[in-house]
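This report refers to the structure that appears directly beneath it.
The values are calculated or read from the model by the stated rules, or taken from the named source; none is laboratory data. Owing to the predicted nature of the structure, the values given are computational and were not obtained by experimental measurement. Every residue, glycine as well, gets a Cβ built from its backbone with ideal geometry; the counts of neighbours run over all protein chains shown.
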Amino acid sequence: MSLSSRHLIGLFGVPKDDIQNILDTAVTFREVLERPIKRVPTLQGKTIVNLFFESSTRTRISFELAQKRLSADVINFSASTSSTKKGETFKDTVRNIEAMKVDMIVVRHESSGVPQFLTRISKANIINAGDGRHEHPTQGLLDMFSIREKLGKLDGLKVCIIGDIAHSRVALSNIYGLKTMGAQVSLCGPPTMIPRGIEMLGVKIYHDINKAIAENDVLNILRIQLERDAGTTIPSLREYHNYFGVTSERLEKYNPNILILHPGPINRGVEISSEVADGPYQIILDQVTNGVAVRMAVLYLLGTMN
Amino acid sequence: MKIKAKIIDKDGIRRTITRLAHEILEKNKGLNNLVLIGVRTRGEFIAHRLREKISEIDGSEPAFGILDVTLYRDDFRRRLKQPEVSVTNITCDLNDKDIILIDDVLYTGRTVRGALDALMDLGRPNTIQLCVLVDRGHRELPIKADFIGKNIPTSINEEIKVKLAELDGEDSVYLIESPEEEED
């Protein structure tokens, strides 16, 4: 079964069947990652460019590994070493890269909407690896895959996303994807971090972390952006930790059966305590492993489409 | 889809599996080093039956695994429909083993080519032997089966349809005219 779109820009509007298909296909690739030779010849002869205009370690390595494990030819491009520094426009850069005959482009950019724009100026399959405050669809997919792998389903689960929702593309992809799959999504954080009107997406809002822990099956904890947030949206990191930090005392008291996700990188002692980050509730490193499998599934489904 | 003839019936399939089990045991002098690997989808169920039969004859069960060759196909660019992948499930070590690769129909040989590549990525077997329920000819690659249930000479416009109780509710092999889609 083929996906209904030849690009992956976001999870907004992606039909349930497509998400199901990607998650099911990722199970196959999860098995490939356990083999002694973690490589299959499926995308042999396909050329994929990773266009990263914003710094990234995890996502870029994860995509690159996924591509190499499917035997694709991979080119990495980062903005700091490119001729955009020399004054070339974004559009010209992309046109030039495309003239070298590439099949797929994975793009990350600090501005929302860049991947969408790329679909208009390029014939390649476009995959969004995070654009501004818009979406990060493969992160949303790998979070769903990890929850489903652990709890066996998504339908009917209660998932709460905690932290800086306003600046988070991970939050939006999670909201769209999880709601499509039948989960109930809620958000938790100080009012300065929760955009006004977001209830219109059909999500519940908590300002009390204890209540959020008590009433949900899964917590997806977002990173507090140390470089940006302290002093603007929150008074201090310590205050954030006191009011919204996920600690083992809170989990034990309010919901010892909860499942903890975090997209990384984690700030120990801010949004999550070290004990929780290393403890039995979390599947943070499973998420990283699953990320490669989910990205292989997306690359496979888009790359072998006719 | 028009059925031209029923070539093997339920009893025929049972007797064929019995004979194949004996042949595999005879050629490999027992099952100490054997691993049966069924190719998804129907090869898996034929492999199950062979395993049962072999353990009935010999008293102990050979090692067993299931292989999905979708990721090793060579026709992604030529097919209209995207093939669905499923999971390979081989938990035993394949190094230095004698592998019996099992499928329902041998046709162009391209599935077997993919399966060989897939097996090589999982280890370095001592031998790989091919066992099929039906060989219908028209090979496009230099591949032949070691154990054959039945040779059925076909024309290119015909198709062999193997039906198994586990999936299709009956055990039989049909010769069919003008297939709806290419299958190998």
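So, A:Lys123, is that one part of a loop (DSSP other than H, G, I, E, B), closer than 30 Å to B:Ala118 by Cα and assigned by TED's automatic domain parsing to the domain that holds A:Arg295 or not? When the stated conditions are applied, A:Lys123 does not pass them. For region A:80-107: of the residues being at pLDDT 95 or above and either part of a strand (DSSP E or B) or of a type in the set (Ser, Thr, Tyr) (or both), which is nearest to A:His134 (Cα to Cα)? The extreme case among them is A:Val107. Evaluation of A:Ala66 against the conditions (1) out of contact with any helix residue (DSSP H, G or I) (no Cβ under 8 Å at 6 or more places or on another chain); (2) within 15 Å of A:Asn125 (Cβ to Cβ); (3) within 14 Å of another protein chain (Cβ to nearest Cβ) shows that the sole unmet condition is (1).
Return a yes/no flag: does region A:16-39 have any residue that is of a type in the set (Lys, Arg) and touching a strand residue (DSSP E or B) at 6+ places or on another chain (Cβ under 8 Å). There is no residue in region A:16-39 that is of a type in the set (Lys, Arg) and touching a strand residue (DSSP E or B) at 6+ places or on another chain (Cβ under 8 Å). When you scan region A:101-110, do you find a residue that is out of contact with any strand residue (DSSP E or B) (no Cβ under 8 Å at 6 or more places or on another chain) and either crowded, with 16+ Cβ neighbours inside 10 Å or touching a residue at least 60 places away in the same chain (Cβ under 8 Å) (or both), even just one? So far as region A:101-110 goes, no, none of its residues is out of contact with any strand residue (DSSP E or B) (no Cβ under 8 Å at 6 or more places or on another chain) and either crowded, with 16+ Cβ neighbours inside 10 Å or touching a residue at least 60 places away in the same chain (Cβ under 8 Å) (or both). Residues in region B:71-82 that are facing chain A (nearest Cβ under 8 Å) and without any contact (Cβ under 8 Å) to a residue 40 or more places away in the chain: B:Phe76, B:Arg77, B:Leu80, B:Gln82.
Could you tell me which residue of region A:1-29 is surrounded by the most Cβ atoms within 10 Å (Cβ to Cβ), considering only residues that are part of a helix (DSSP H, G or I) and at the interface with chain B (Cβ under 8 Å from one of its Cβ atoms)?
Selected residue: A:Thr25.
Residues that are touching a helix residue (DSSP H, G or I) at 6+ places or on another chain (Cβ under 7 Å), surrounded by fewer than 21 Cβ atoms within 10 Å (Cβ to Cβ) and at pLDDT below 95: does region A:146-166 have at least one? Within region A:146-166, one or more residues are touching a helix residue (DSSP H, G or I) at 6+ places or on another chain (Cβ under 7 Å), surrounded by fewer than 21 Cβ atoms within 10 Å (Cβ to Cβ) and at pLDDT below 95. Of all the listed residues (B:Gly38, B:Gly65), the sole one being assigned to a strand (DSSP E or B), touching a Cys at 6+ places or on another chain (Cβ under 8 Å) and either within 14 Å of chain A (Cβ to nearest Cβ) or not β-branched (Val, Ile, Thr) (or both) is B:Gly65. Being over 23 Å from B:Val173 (Cβ atoms) and surrounded by fewer than 19 Cβ atoms within 10 Å (Cβ to Cβ) is the filter here, so list the residues in region B:124-140 that pass it. Within region B:124-140, B:Arg124, B:Asn126, B:Thr127 qualify. Kindly indicate the residue of region B:45-85 that is surrounded by 19 or more Cβ atoms within 10 Å (Cβ to Cβ) and of a type in the set (Val, Ile, Thr) and also nearest to B:Leu116 (Cα to Cα) among those meeting that condition. Going through the qualifying residues, I end up with B:Val69. Only helices (runs of 4 or more DSSP H) whose full extent lies in region A:191-306 are considered here, and the ones with at least 3 residues that are in contact (Cβ under 8 Å) with a residue 24 or more places away in the chain, out of contact with any Pro (no Cβ under 6 Å at 6 or more places or on another chain) and more than 14 Å from every other protein chain (Cβ to nearest Cβ) are A:209-215, A:237-244, A:248-254, A:284-303.
Taking the condition more than 24 Å from the chain's Cα centre (by Cα) and more than 26 Å from A:Phe145 (Cα to Cα), does A:Asn255 pass? Spelling it out, it is not the case that A:Asn255 is more than 24 Å from the chain's Cα centre (by Cα) and more than 26 Å from A:Phe145 (Cα to Cα).
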